[in-house]
Amino acid sequence: MVAVAAPIAITPDSSPIVVVAPPADLPTSVGVPFSVTRTTARAGKRRPGNSTLLAVAARHRIDPLLLHSIVAKESAFRPGAVSNKGALGLMQIMPGTARGLGVRDPSRLLVDQELNLVTGATYLKQLQRQFGNDVPAVLAAYNAGPGAVKRYRGTPPYAETRDYVKTIMKRYRGARGERTAR
């Protein structure tokens, strides 16, 4: 294992995390390919929810940098965000999806950040079981639904979904310190 030289900040107000990266030849995966440890560079200046995000990512074996990138795109870290289509909270989960994952009262997704993150992580892992470690396909399914990804055998030709996948993958690769093609 090789340690990343500089800590990567999860959010502008968070304490940094140190990422212990996998060998360079490992493919990108929804699963956690490395371990994450918190440093205390700015004690007392943590953004609420970062420890929750890291704990949920670890519990569900999802790369916390990927989970962070999804939350950034979905809600810009606003726990009370509601989309024009009715998606709720940090991970912008549709009420029907939440009910299908066992959430009895989807309105709780707006006030319970951990429930929102756990529900979103559970759904991501469900999508990973369908699409393997093809992160763009998992992201496309999270945005457009798994049926659309199956129908088009990959990211559907919807402008919103293509932008969604591109934006998250760019942020995620940047957080991992990977170079992105221009």
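Couple of notes before you dig in:
- Hey, residue 111 in contact (Cβ under 8 Å) with a residue 40 or more places away in the chain and at negative phi or not: no
- Checklist (1) at pLDDT 90 or above; (2) within 28 Å of residue 131 (Cα to Cα) applied to residue 80, failing item: (2)
- Residue check: residue 133 meets all listed conditions (1) modelled with pLDDT of 95 or more; (2) over 16 Å from residue 171 (Cβ atoms); (3) not acidic (Asp, Glu) but one, namely (1).
- For region 46-74, a residue qualifies if it is over 15 Å from residue 139 (Cα atoms) and not charged (D, E, K, R), and the qualifying residues are 48, 49, 50, 51, 52, 53, 54, 55, 56, 57, 58, 60.
The values are calculated or read from the model by the stated rules, or taken from the named source; none is laboratory data. Worth saying up front: this structure is predicted, and the values here are computed from it rather than measured. Quick reminder, even Gly has a Cβ in these numbers, built from the backbone with ideal geometry, and neighbours come from all protein chains shown.
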